[in-house]
């Protein structure tokens with residue numbers, strides 16, 4: 001293909017006008033410059049790279065451009081960014097969109113737009129060009145002409161309407177935009193206009209926005225990008241207005257919530273032409289919504305805590321009314337029996353009654369001690385008194401000394417593990433774990449108690465083959481006044497024992513938990529840290 005010379009471009013761009021005047025070759029200057037001097041248009045050749053259209057550059061432009069814009073043609077040829085910088089910001093988007101549409105040989109564009117001359121005046125131009133390849137260099141260029149159509153071609157009414165529209169668009173508290181929809185790829189939108197408010201919203205100038213078609217996807221929050229694009233596709237396919245809320249990342253790193261409202265405009269044949277929409281800053285609204293949600297969540301938490309406290313109160317009152325009064329009633333009844341003068345009791349009967357009084361007194365003492373310890377732990381006024389002690393020996397002595405097992409078969413597998421512990425608190429842990437196993441299992445259930453050195457500490461486990469603890473209650477059973485589902489069937493306590501086990505373990509820097517026993521039942525475990533020796 002032979003690239004047309006500049007004078008051929010000018011000749012082709014001029015309308016053919018019939019003339020009766022005789023012509024001769026001598027009457028027509030033969031040089032391109034002479035032709036251009038007489039043609040009321042500015043011819044140009046602008047080479048471009050399809051991947052970087054804004055930096056297209058003139059390889060030729062008529063010298064008349066200097067009187068039109070105040071910039072010499074040498075400046076326009078040498079400075080690849082100058083031409084784009086002169087395009088009026090409001091028109092830059094449509095110019096770039098026209099360039100993007102016209103990149104293949106034979107394609108043409110024709111549009112009007114404004115340039116800002118060197119002295120600040122606005123120049124209205126008609127720009128018409130066609131694409132051609134230069135076979136010699138392998139480059140591609142626009143060959144075109146620029147015609148000064150003058151601002152006076154617009155009627156005063158149009159000037160006034162344009163000014164009113166501009167004031168409206170630039171003063172509303174929202175960003176207005178227009179995105180062109182290419183015919184070949186409806187998803188590859190080209191921004192052709194965005195109002196100046198975009199700089200206040202995100203810190204980007206309007207010309208930056210329309211220069212880079214990918215800027216929107218870069219500033220949209222990564223977590224919201226897929227959802228937003230999917231909503232736009234649905235609106236495009238359904239023909240419904242777009243309405244969506246999502247986040248954008250401003251130039252300074254701020255997260256900005258926007259509500260985007262847009263409509264798709266089509267031509268008379270139904271082909272999509274452009275999206276016109278607005279971005280509304282709803283960051284403060286979202287912040288207020290978040291604060292409201294947080295307040296509601298706090299209110300729900302407070303209500304839940306009040307409900308839990310109310311349940312604890314009811315459970316505590318039940319414990320006081322039943323679990324504390326039961327041993328008191330037994331003690332009182334046995335004491336009254338011993339007090340009666342009309343009964344004659346032998347020594348064996350007296351010892352039996354005294355023993356039963358002592359047993360119930362110990363039960364009552366343990367309940368009161370648990371409640372007092374729970375209160376002290378809650379107020380943080382208990383400090384452990386750690387001394388080197390044999391955990392296994394303490395556990396064995398507790399099991400053998402106190403009447404905790406209620407005649408249950410107990411399997412002891414206790415090793416000698418010496419670590420720093422508070423012996424009195426360890427005794428309470430053992431006491432409550434064994435009492436819990438007895439209280440929540442049938443009378444024929446078996447109990448296993450083991451002590452082992454483990455990972456720089458001692459592991460105490462109390463297993464049983466009873467009904468076990470449901471998985472959803474594995475954590476709840478260690479809360480104060482919470483009991484397992486079998487508590488009502490086997491002489492319930494106050495729901496404090498396991499809470500003390502967990503808190504005494506924490507006091508040592510350890511923890512307590514429950515697991516399902518492999519062959520059925522529950523396995524309550526306590527780990528106490530320390531340098532352990534067998």
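The values are calculated or read from the model by the stated rules, or taken from the named source; none is laboratory data. What you see is a predicted model, and the numbers here were worked out from it, not measured in a lab. Cβ atoms come from the backbone with ideal geometry, glycine included; neighbour counts cover every protein chain shown.
Some notes on this structure:
- Test result for residue 237, out of contact with any strand residue (DSSP E or B) (no Cβ under 8 Å at 6 or more places or on another chain), crowded, with 17+ Cβ neighbours inside 10 Å and at negative phi: no
- With respect to the stated conditions, residue 485 is modelled with pLDDT under 85 and either assigned to a loop (DSSP other than H, G, I, E, B) or on the phi > 0 side of the Ramachandran plot (or both).
- Residue check for residue 156: more than 18 Å from residue 260 (Cα to Cα), at pLDDT below 90 and touching a strand residue (DSSP E or B) at 6+ places or on another chain (Cβ under 7 Å): no
- Residue within the stretch 330-340 that is assigned to a loop (DSSP other than H, G, I, E, B) and modelled with pLDDT under 85 present: yes
- Verdict on residue 428 being assigned by TED's automatic domain parsing to the domain that holds residue 498, surrounded by 13 or more Cβ atoms within 10 Å (Cβ to Cβ) and without any contact (Cβ under 8 Å) to a residue 24 or more places away in the chain: no
- Counting only helices (runs of 4 or more DSSP H) that fall entirely inside the stretch 46-123 and contain at least 3 residues that are closer than 28 Å to residue 138 by Cβ, the qualifying elements are 73-78, 82-86, 89-101.
- Some residue of the stretch 364-380 being part of a loop (DSSP other than H, G, I, E, B), in contact (Cβ under 8 Å) with a residue 60 or more places away in the chain and surrounded by 15 or more Cβ atoms within 10 Å (Cβ to Cβ): no
- Conditions (1) at pLDDT 85 or above; (2) within 26 Å of residue 416 (Cβ to Cβ); number of the one not met by residue 445: (2)
- Wholly within the stretch 169-267, strands (runs of 3 or more DSSP E) carrying at least 2 residues that are over 25 Å from residue 92 (Cα atoms): 242-249, 255-266
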